[in-house]
Amino acid sequence: MHPGRLALAQLGQSLDGRIATESGHSHYINGPESLMHLHRLRALVDAVVVGAGTACEDDPLLTVRHVSGRQPVRVILDPRGRVPATLRLLREGQAPCLHLVGEQADIAPAAAAHVTRLRLPLDSEGFAPAAVLDALAARGLRRVLIEGGGITVSRFLEAGVLDRLHLLVAPLLIGSGRPGLAMSPIATLEQARRPAARTFRCGDDTLFDLDLTRS
């Protein structure tokens with residue numbers, strides 16, 4: 001954790017911890033009030049981050065639309081340079097887009113004026129979460145929302161670089177599909193993280209606000 005910086009992640013999931021079906025369908029697990037909450041978070045941060053998988057599957061805009069507020073810089077983590085140039089993030093210029101790619105990725109130059117390409121070194125699993133946050137802070141982006149997907153949020157959580165985690169839990173049982181958090185196995189519950197938590201109603205959903213600085 002760094003003074004003057006904030007790293008917040010959010011996931012919307014079912015009661016049984018799923019963020020999508022096995023086919024990847026996830027619209028919409030959470031209700032409209034949770035969507036408004038997400039857009040408020042976007043309006044409060046300097047940058048909103050998604051991984052390459054989420055960018056490709058959901059083709060999100062990551063803009064503030066359901067509430068009033070300024071637009072954050074939209075960041076794609078693309079260590080292997082695999083996201084297509086047809087993504088709305090790379091085509092539509094409602095807000096700046098920062099495309100983070102690996103140092104060795106073979107990729108064409110960014111075509112749109114709102115897109116900035118930045119190369120970062122890779123570790124064995126992609127970008128080191130701390131290195132991502134440091135690179136963003138160096139560009140003046142000190143308040144960061146990690147919006148997805150589950151693998152990306154899990155990596156930032158396990159790296160110990162998150163200050164807060166918002167879990168928006170819908171009264172829904174999917175029964176199978178993609179888990180929200182997937183981290184290294186533990187042997188006993190004594191090893192489980194027990195962060196300080198507050199809960200709030202968000203329409204039919206429940207928001208768990210987890211303070212990871214006090215876990």
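State whether one or more residues within the stretch 63-72 are out of contact with any Pro (no Cβ under 6 Å at 6 or more places or on another chain) and more than 18 Å from Val45 (Cα to Cα). The answer is no, given that none of the residues of the stretch 63-72 is out of contact with any Pro (no Cβ under 6 Å at 6 or more places or on another chain) and more than 18 Å from Val45 (Cα to Cα).
When the stretch 94-114 is filtered for residues that are open to solvent by 20 Å² or more (accessible area, probe 1.4 Å) and either closer than 19 Å to Val64 by Cα or in contact with a helix residue (DSSP H, G or I) (Cβ under 7 Å, 6 or more places away or on another chain) (or both), the ones remaining, listed by number, are Gln94, Pro96, Ala112, His114. For the stretch 124-159, taking the residues that are touching a Ser or Thr at 6+ places or on another chain (Cβ under 9 Å) and acidic (Asp, Glu), the one that is most open to solvent (accessible area, probe 1.4 Å) is identified as Glu158.
Pairs meeting the criteria (first residue in the stretch 30-50 and within 19 Å of Ile19 (Cα to Cα), second residue at pLDDT below 95 and crowded, with 19+ Cβ neighbours inside 10 Å, beta carbons under 6 Å, at least 6 apart or on different chains) are Val50/Gly148. Leu61 fulfils the conditions (1) within 27 Å of Ala113 (Cβ to Cβ); (2) out of contact with any Gly (no Cβ under 6 Å at 6 or more places or on another chain); (3) not in a loop (DSSP other than H, G, I, E, B) except for a single criterion, (3). A Cβ distance below 6 Å, combined with a sequence gap of six or more or placement on separate chains, defines the contacts here; from the stretch 171-182, residues that are at positive phi reach residues that are outside any loop (DSSP other than H, G, I, E, B) and surrounded by 10 or more Cβ atoms within 10 Å (Cβ to Cβ) in the pairs Gly177/Arg18; Gly177/Ala20. Among residues of the stretch 160-195 being assigned to a strand (DSSP E or B) and at pLDDT 95 or above, the one that is surrounded by the fewest Cβ atoms within 10 Å (Cβ to Cβ) is Arg164. Filtered by the rule that a residue be part of a strand (DSSP E or B) and either modelled with pLDDT under 95 or out of contact with any Phe, Trp or Tyr (no Cβ under 7 Å at 6 or more places or on another chain) (or both), the stretch 138-159 gives Arg143, Val144, Leu145, Glu147, Gly148.
Against the list (1) surrounded by 13 or more Cβ atoms within 10 Å (Cβ to Cβ); (2) touching an Asp or Glu at 6+ places or on another chain (Cβ under 6 Å), the condition Pro121 fails is (1). Tell me which residues, restricted to the stretch 183-215, are β-branched (Val, Ile, Thr), touching a Phe, Trp or Tyr at 6+ places or on another chain (Cβ under 7 Å) and touching a residue at least 12 places away in the same chain (Cβ under 8 Å). Selection gives nothing.
Each residue in the stretch 48-64 was checked for being open to solvent by 50 Å² or more (accessible area, probe 1.4 Å) and either at pLDDT 95 or above or β-branched (Val, Ile, Thr) (or both), and 0 of them qualify.
The values are calculated or read from the model by the stated rules, or taken from the named source; none is laboratory data. Not measured: the values here are computed from a predicted model. As a convention, Cβ positions derive from the backbone with ideal geometry for all residues, glycine included, and neighbour counts pool all protein chains shown. Keep in mind that these areas ignore ligands, DNA and RNA; they rest on the heavy atoms of the full protein, side chains included. Shrake-Rupley method; radii C 1.70, N 1.55, O 1.52, S 1.80 Å.
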